[in-house]
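The values are calculated or read from the model by the stated rules, or taken from the named source; none is laboratory data. Only a predicted model underlies this, so the values are computations on that prediction, with no experimental measurement involved. Please note: Cβ atoms are built from the backbone with ideal geometry, for glycine as well, and neighbour counts cover all protein chains shown. Quick note on the areas: whole protein, heavy atoms, side chains included, nothing else; ligands and nucleic acids left out. Shrake-Rupley method; radii C 1.70, N 1.55, O 1.52, S 1.80 Å.
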Amino acid sequence: MTARHLLRHSPAASEILTKWTCEHRDSPYPTAAEKETLRGLTGLNVRQLNTWFANYRRRKQAGRPSKDTSATTPQLVTDAIENEPDTQAVPEQETSLLLQGKKFQCTFCTDTFSTKYDWTRHETSCHIPLKRYICCPFSAVQQCASTGNQICAYCGLTSPTSEHIASHNHDYCQSREPNARIFLRKDHLRQHLRSVHECGMLPHMDDWLLEAAWVNSRCGFCGERFTTWNERNEHLASHFRDGYHMGMWKGCRGFDGAVSAQVIAAMPPFLIDLERLRPFPFSASNAKRGPGLPQNRSWEFLVAGLHRLVKYRASQSRPVSDQDLQDEARLLTYGSSTADIHTAADNPEWLDLFKKAYSLGILTCLTEGQEPYTAEDLEVYHDLGIAIPSLSQEQRTSALLVLFQNDGPIPKAYRRFSASRVPLQKALPFETISGPWPDAVGVPKDTGSRA
């Protein structure tokens, strides 16, 4: 790493640029003439200005607070703060204000967006990375596709020497952890090339992209299924433009195992509308503000608590009713069993999924001393809001290879967990359970061992 990478802009230059962005917050994209003016005021070159503005826009998109708080506060919320002295006392009103004009809603967390582009970019950046750029995945010296000559992978120089390759900090980058060389967006790779390798993007670097062409999914508004991500986004966008919202979503996202293994920072989609009413709703954008803010794992805590209740009742041969689970969920979440407080257990879909997961042994990962059983349908863990257990790095890598193969649509080789048949003897701890039931006689012995 050279000394150049350790330099930072002066406070005076940062203050000038911050003031400019506050004055142009509706469109923080300076023209060539404005860049020339800013260059004279700050002493920075054009490349440094481009990098500063790119970083500013990324921080703004991720929800990071800027020095001028009005620059990132929606106008409707600003008006509400001026007219309401205690905004923290009415989180529901603040939530409704934020939703105005933001019709596109994330299907993984409570974030909302004004444009389709911001919505789709958020989902693929924060939740389901379907594109991954790897810095120099091949040799530092590559063969040019047009001329057949050996060229530098970073700058395209013909017949580069080892000293030239070293000048691009190739060994330093290759020695880092793999995650440090993988980027979810092309502009992040471009910034990495500029700051570490002192080069720009070249046409042959398009081969550094891994992209999932086929992704099985479904619409929770109408139940339609898709095999490509773009098809799914176009379909959901039409629903959002027609006034649909996540409170109308039913069922899972319809991902297969290869896709579910890559999902990060996600909550059950059919609980997103309820989550908005919480004082601090789960938001992937807010989670990126700093490492000091932990991920919201309230559903894992809830599932573990209800799991302990059912095990205790089963040890005493006492059945558990839906009301028992709902009251316990309120005690675990809010410390009160007041009936007018809603939790995930009040959602029939989530409650049915929890009972099936317990009956079929999927929740043994929450019990010490037992080997966890991983459901074949990995999406059940996202729908419950808990982490996928016992998935080794080898299994994740295998799922990644399946995801990025472009031979055709990924087949549905397994049955959805939510439609699994629960043997009568397996569901005895519960007084009621919805879903398909087999006959009590003639049930195969291994029916309850697979999801």
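Might you let me know whether region 172-184 holds any residue that is under 30 Å from G251 (Cβ atoms), acidic (D, E) and surrounded by fewer than 17 Cβ atoms within 10 Å (Cβ to Cβ)? No, there is no match, as no residue in region 172-184 is under 30 Å from G251 (Cβ atoms), acidic (D, E) and surrounded by fewer than 17 Cβ atoms within 10 Å (Cβ to Cβ). Take A213 and tell me if it is more than 19 Å from C155 (Cα to Cα), in contact (Cβ under 8 Å) with a residue 40 or more places away in the chain, surrounded by 13 or more Cβ atoms within 10 Å (Cβ to Cβ) and touching a helix residue (DSSP H, G or I) at 6+ places or on another chain (Cβ under 6 Å). So A213 does not fit the description; no.
Of all residues in region 329-364, those satisfying the criterion of being in contact (Cβ under 8 Å) with a residue 60 or more places away in the chain and among the basic types (K, R) are K355, K356.
Against the conditions (1) open to solvent by 50 Å² or more (accessible area, probe 1.4 Å); (2) at pLDDT below 85; (3) not aromatic (F, W, Y), I264 satisfies every one except (2). Which ones in region 309-328 are in contact (Cβ under 8 Å) with a residue 40 or more places away in the chain and either surrounded by fewer than 18 Cβ atoms within 10 Å (Cβ to Cβ) or of a type in the set (G, A, S) (or both)? Listed by number, the residues that qualify are K311, R313, A314, P319, S321.
Can you tell me which of A12, A3 is out of contact with any helix residue (DSSP H, G or I) (no Cβ under 9 Å at 6 or more places or on another chain), of a type in the set (A, V, I, L, M) and at pLDDT below 80? Matching residue, one of A12, A3: A3. Criterion applied to H204, H188, H197 was being open to solvent by less than 30 Å² (accessible area, probe 1.4 Å), farther than 30 Å from L302 by Cα, of a type outside the set (V, I, T) and not assigned by the TED database to the domain that holds P409, and the one residue passing it is H197.
When A413, A399, A375 are checked against the criterion of being in a helix (DSSP H, G or I) and either at pLDDT 70 or above or open to solvent by 20 Å² or more (accessible area, probe 1.4 Å) (or both), a single residue qualifies: A399. Picking from residues in region 104-163 that are open to solvent by 60 Å² or more (accessible area, probe 1.4 Å) and in contact with a His (Cβ under 9 Å, 6 or more places away or on another chain), the one that is modelled with the lowest pLDDT is A145. Here region 30-49 is the region considered, the condition is being within 13 Å of L17 (Cβ to Cβ) and part of a loop (DSSP other than H, G, I, E, B), and the residue that is most open to solvent (accessible area, probe 1.4 Å) is G43. Condition (residue is part of a loop (DSSP other than H, G, I, E, B), at pLDDT 90 or above and not charged (D, E, K, R)) applied to region 174-183: is it met by at least one residue? No; the residues of region 174-183 include none that is part of a loop (DSSP other than H, G, I, E, B), at pLDDT 90 or above and not charged (D, E, K, R).
Note on region 238-259: residues that are among the charged types (D, E, K, R), in a loop (DSSP other than H, G, I, E, B) and within 13 Å of K103 (Cβ to Cβ) amount to 1.
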